[in-house]
Amino acid sequence: MRELSVVITVLNERDNIVPLIGALKDALTGIDYEVIFIDDGSNDGTQKQIREHADERIKLVELRKNYGQSTAMTAGIDHAEGTYIALIDGDLQNDPSDIPFMLQKMKDEDWDVVAGNRANRQDGVFLRKIPSKIANAIIRRMTGVYIKDYGCTLKVFKREIAEDLGIYGELHRFIPVLAKLQGASITQVDVKHHARIHGTSKYGLNRTFKVMADLITMVFFRKYIQKPMHLFGSMGFISLGLGILINTYLLVLKLMGQDIWGKPILILGLIFLLGGIQLITFGILAEINVDSVKNINNGSFFISGVKKGRIQRPQRCF
């Protein structure tokens, strides 16, 4: 088993591959490491560049199509052999030279996760920096996990934490929250950030709205994933109680000789009553199935091939 696995997701990063491999070799001198590139459906020759410049330390995992960064990360973690696992973007905006410091801090102070914070971010102000700051503030407030920069991919994990993250969909942005759900200890350090030189960014303003949508999922995970009945049961009993009160009131009116048929409040009472029963039932079912969340999306069926070293011809594993 190697000491460190560096997991890098790439999508159409052909011109960044060679300088990235060189930067990794320079930065990780003296560390027993491997690099795992996960190609997330590139169509610009990224895979060819990786194969041509790979050595015995480099693996290439090719996904069948573009599944998204979360799935790509999961595939990379599944193929990692290191005691520690580092995540880094493939666009050279993260600096590999920060990894040794983060790894040493993890060892010296026994952290489970060391997260990077882009101290001098080299991105556009209005389309990237400001939306990111707002999103980070909202995420910190709603999840209770204080991380300055949720958008920074550069992180180092203990292997057991990385393996149990259960990343799927677009939840890679919430890795610190997922780690915290496991009881992981997390610290953060300032890291370098460079302007993109080659290729085009895969991030935009639309990603900010996706983050806000995923935040609802994360708040549920953070507060109720182990106790869904607390959420659905509470809502259900409130709804059921309102339904009973409304229907009791209507029953009294009926006994007093008033006509209640056709009244909107009758329909409202039935909606509250049936809705409460459904929410309580859903809460019970969620409690029964809560452990299945840990097994979501192991990623193995997404992979078309795994290559290691100087391999020119694809090796299909499925």
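The values are calculated or read from the model by the stated rules, or taken from the named source; none is laboratory data. Please read these numbers as outputs of a predicted model, since none were measured by experiment. Virtual Cβ from ideal backbone geometry, glycine too; neighbours counted across all protein chains shown.
For E56, indicate whether it is in a helix (DSSP H, G or I) and over 29 Å from L178 (Cβ atoms). No; evaluated as a whole, the condition is false for this residue. Contact map, the stretch 92-109: first residue at pLDDT below 95, second residue surrounded by 21 or more Cβ atoms within 10 Å (Cβ to Cβ), Cβ cut-off under 6 Å, separation 6 or more or different chains; pairs are L92/N16; L92/L20; N94/I88; N94/L154.
Checked against the criteria, S70 counts as touching a Phe, Trp or Tyr at 6+ places or on another chain (Cβ under 9 Å) and surrounded by 18 or more Cβ atoms within 10 Å (Cβ to Cβ). Exactly one residue out of S185, S234 is in contact with a strand residue (DSSP E or B) (Cβ under 8 Å, 6 or more places away or on another chain) and at pLDDT 90 or above: that is S185.
Looking at (1) out of contact with any Gly (no Cβ under 8 Å at 6 or more places or on another chain); (2) farther than 30 Å from I130 by Cβ; (3) exposed (fewer than 14 other Cβ atoms within 10 Å of the Cβ); (4) not small (G, A, S), which is the only condition L268 fails? That leaves (3) as the condition not met. Per the conditions (1) more than 22 Å from L171 (Cβ to Cβ); (2) among the hydroxyl-bearing types (S, T, Y); (3) within 20 Å of the chain's Cα centre (by Cα), the sole criterion not satisfied by Y67 is (1). Kindly indicate whether A162 is of a type in the set (A, V, I, L, M, F, W, C), modelled with pLDDT under 90 and on the phi < 0 side of the Ramachandran plot. No, not satisfied. Sub-7 Å Cβ pairs linking a first residue in the stretch 255-283 that is in contact (Cβ under 8 Å) with a residue 40 or more places away in the chain to a second residue that is polar (S, T, N, Q), at least 6 apart or interchain, are G276/S239; L279/S239, ordered by first then second residue.
For the stretch 158-185, enumerate the residues that are over 14 Å from the mean Cα position of the chain (by Cα) and not in a loop (DSSP other than H, G, I, E, B). Result: K158, R159, E160. Across the stretch 9-49, the number of residues qualifying as closer than 15 Å to Y84 by Cβ and assigned to a strand (DSSP E or B) comes to 4.
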